[in-house]
Every structure is written in structure tokens, then in C-alpha cells.
Amino acid sequence: MELWVPITIAAAFCQNLRSALQKHLKGSLSTSGATFSRFCYAVPFAWVYLAAVAGVTGDALPDAHATFLGFAVLGGVAQIAATALLVYLFSFRNFTVGTTYSKTETIQTALFGALIIGDTISAQTTAAILISLAGVFALSVARTELTARRLMTSWLDKPALIGLASGACFGISAVSYRAASLSLETGGFATRAAFTLAVVLVFQTVAMTVYMRIREPGQITRVARSWRVSLWVGVSGMAASAGWFTAMTIENAAHVRALGQIELVFTFIASVAFFRERTNLPEMIGILLVVAGILVLLL
């Protein structure tokens with residue numbers, strides 16, 4: 001098994017955990033506040049992680065040259081924009097259409113990877129992405145009144161376009177992080193990935209601090225008071241990001257994001273095993289398609 005595979009699976013698991021903790025925070029914080037907690041509480045852990053990696057490998061810290069900083073900032077801005085667009089979708093009554101189209105992130109990551117850094121994918125990988133995407137679509141409509149026909153004919157509606165834009169921003173951020181890490185001239189893949197993560201988190205924390213001071217005064221104080229849960233959001237979020245950044249330094253970002261769909265499988269297992277939720281036929285079909293896509297990708 002190639003190293004990027006278990007790293008990606010671990011990252012998806014940690015992201016699933018972080019998402020669950022962030023949902024808990026939504027009771028006391030705004031959406032921006034819950035998102036900010038993910039960045040600011042992760043910063044110290046990211047730099048400790050970087051120091052540990054550099055200590056184990058013996059690598060010196062890379063030089064943050066202009067190309068690296070450009071891609072790091074682009075990725076950080078794109079990720080924040082993607083999250084903001086996704087949150088904006090919830091103001092629409094038919095937000096399910098938009099959130100479903102945001103899942104085209106995997107395909108868009110492949111396209112941006114080819115355009116920005118010349119990454120290419122095989123026919124097998126393309127098939128795996130499309131199979132998993134069909135599974136994601138099935139899961140998205142499983143518990144709604146949205147039909148597959150309506151979903152496919154609504155791609156020019158405003159929520160769908162916003163969802164596509166969100167997916168595009170997620171794709172750009174993934175490719176930009178890979179480009180930033182690969183642009184570093186010294187250090188092994190683990191050190192370059194850890195350094196990229198640490199720099200990006202600092203930028204995102206500063207950017208969101210400025211935004212929240214202007215647009216949501218008082219919210220930063222609430223984030224500070226929520227430290228008992230936010231601290232774990234930061235730890236799990238940093239662990240997930242460390243996995244994503246490392247995997248995308250080793251492997252094509254489209255492959256990593258395609259395998260990352262296994263997060264949906266973790267969510268499904270948790271809903272059945274821990275919350276005793278009953279599943280319907282579209283959900284079962286969706287999960288089977290996601291798993292099938294992952295198997296096609298790996299075999």
C-alpha cells in the first residue's frame with residue numbers, strides 16, 4: 001500500500017471528528033466563530049508538529065520564497081471563500097441542490113491540478129471519481145424531496161452555481177497547497193507539508209481575526225471562552241490538515257480528494273452504529289457507490 005493512502009484515510013477520520021466537534025460549537029458561536037476556532041486553536045499545535053517533524057528528520061526549515069507564499073495565500077483565501085460560499089447556501093430554501101453541486105470538488109480538483117501544476121489523472125481515476133460522485137449525489141438526495149431529475153436540471157439555478165463555485169474554491173485550495181509544498185526547495189515531504197500547513201494556518205487566523213473584528217465584534221471573545229471544546233477542534237483540525245497536506249505533497253491532489261470521500265463512509269457508520277439511525281435505499285446505494293469508487297481508485 002502506498003504511503004499516501006493510510007495518511008489520507010487518517011485525515012478523513014480526523015476531519016470527521018473535527019466536523020462533529022464544530023457542530024457542537026454552533027450552539028454558542030456563529031458560523032464564522034466556529035470556523036475561526038478551527039484555525040486559531042490549530043496554530044500552536046501546527047508549529048509544535050513542524051518542530052517535531054524537523055527534529056525527527058533532521059531537516060532545516062525551508063525558505064518561504066515568493067512562489068511558495070503566493071500559492072499558500074491563494075490556497076488559504078480559496079479555502080475561506082469555499083467555506084463562506086457553502087455557509088451562504090444555507091440561506092436558500094433549496095440549499096440541498098447547492099451543497100450537492102459543491103461535492104464536484106473532486107472533479108474540479110483534477111481540472112485545476114492539470115491547469116495549475118500540470119497534474120494528470122488516468123482513465124481509471126476519472127472513473128473512480130465519477131462513481132464516487134454518483135454516490136455523493138445519491139446520499140445528498142436520500143433524505144430530501146429532491147429528485148435526481150430535478151437535481152440534474154437545476155445546475156443553472158443560483159444555489160447550484162454557488163455550490164459549483166464553492167467546489168471550485170475547494171479544488172483551487174487543494175491544488176494550491178500541493179503547489180506550495182512542492183515549490184519548497186529543501187526538506188523531505190513531511191517537513192515541507194508541515195511547514196506549508198503552519199504558514200497557511202497563521203495566514204488564515206490573521207485574515208479571519210481582521211474580518212471578525214470588523215464584521216462580528218465580540219465573537220472572538222466567545223471563541224476564547226469556548227476553549228474547552230475549541231481546543232479539541234484545533235487538535236483534530238490540525239491532525240486532519242497535517243494528513244491532507246502530507247498526502248497531497250506525496251500524491252496528486254485529485255487522487256487524495258477522491259479517496260477522502262471515505263469520510264462519508266465514516267459518517268454513515270457513526271450514524272448507524274452510534275446514533276441508531278435507520279437507512280433508506282438511496283443511502284445504501286450512495287454508500288456502495290462511494291466505496292466502489294474508492295476501490296476502483298485503489299485497485
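The values are calculated or read from the model by the stated rules, or taken from the named source; none is laboratory data. As the structure is a prediction and not an experimental result, all values here were calculated from the model. Methodologically, a virtual Cβ is constructed for each residue, glycine included, from the backbone with ideal geometry; neighbour enumeration extends over all protein chains shown.
For region 165-207, residues that are assigned to a helix (DSSP H, G or I), charged (D, E, K, R) and at pLDDT below 95 total 0.
Given the criteria at pLDDT 80 or above and aliphatic (A, V, I, L, M), does residue 110 qualify? Quick ask: steps written out before the conclusion?
Working: at pLDDT 80 or above: yes; aliphatic (A, V, I, L, M): yes.
Taking the combined requirement at face value, the residue satisfies it.
Taking region 84-98 as the region of interest, how many residues are surrounded by fewer than 20 Cβ atoms within 10 Å (Cβ to Cβ), modelled with pLDDT of 70 or more and touching a helix residue (DSSP H, G or I) at 6+ places or on another chain (Cβ under 8 Å)? The total comes to 3.
Here residue 245 meets each of (1) under 26 Å from residue 100 (Cα atoms); (2) surrounded by fewer than 18 Cβ atoms within 10 Å (Cβ to Cβ) with one exception, condition (2).
Here 277, 283, 263 are screened, and the one residue that is modelled with pLDDT under 90 and under 22 Å from residue 35 (Cα atoms) is 263.
Scanning for something of a type in the set (Ser, Thr, Tyr), under 26 Å from residue 30 (Cβ atoms) and under 14 Å from the mean Cα position of the chain (by Cα), does region 223-244 turn up at least one residue? Before you say what the answer is, go through the steps one by one.
The initial filter retains those residues of region 223-244 that are of a type in the set (Ser, Thr, Tyr), namely 226, 230, 236, 241.
So of that shortlist, the ones also under 26 Å from residue 30 (Cβ atoms) come out as 226, 230, 236, 241.
Then drop every residue that is not under 14 Å from the mean Cα position of the chain (by Cα), which leaves 236, 241.
Yes, region 223-244 has at least one match.
Residues that are in contact (Cβ under 8 Å) with a residue 40 or more places away in the chain and outside any helix (DSSP H, G or I): does region 35-49 have at least one? Checking region 35-49: at least one residue is in contact (Cβ under 8 Å) with a residue 40 or more places away in the chain and outside any helix (DSSP H, G or I).
When 62, 44 are checked against the criterion of being modelled with pLDDT of 85 or more and touching an Asp or Glu at 6+ places or on another chain (Cβ under 8 Å), 62 stands alone in meeting it.
When region 202-235 is filtered for residues that are crowded, with 24+ Cβ neighbours inside 10 Å and polar (S, T, N, Q), the ones remaining, listed by number, are 204, 230.
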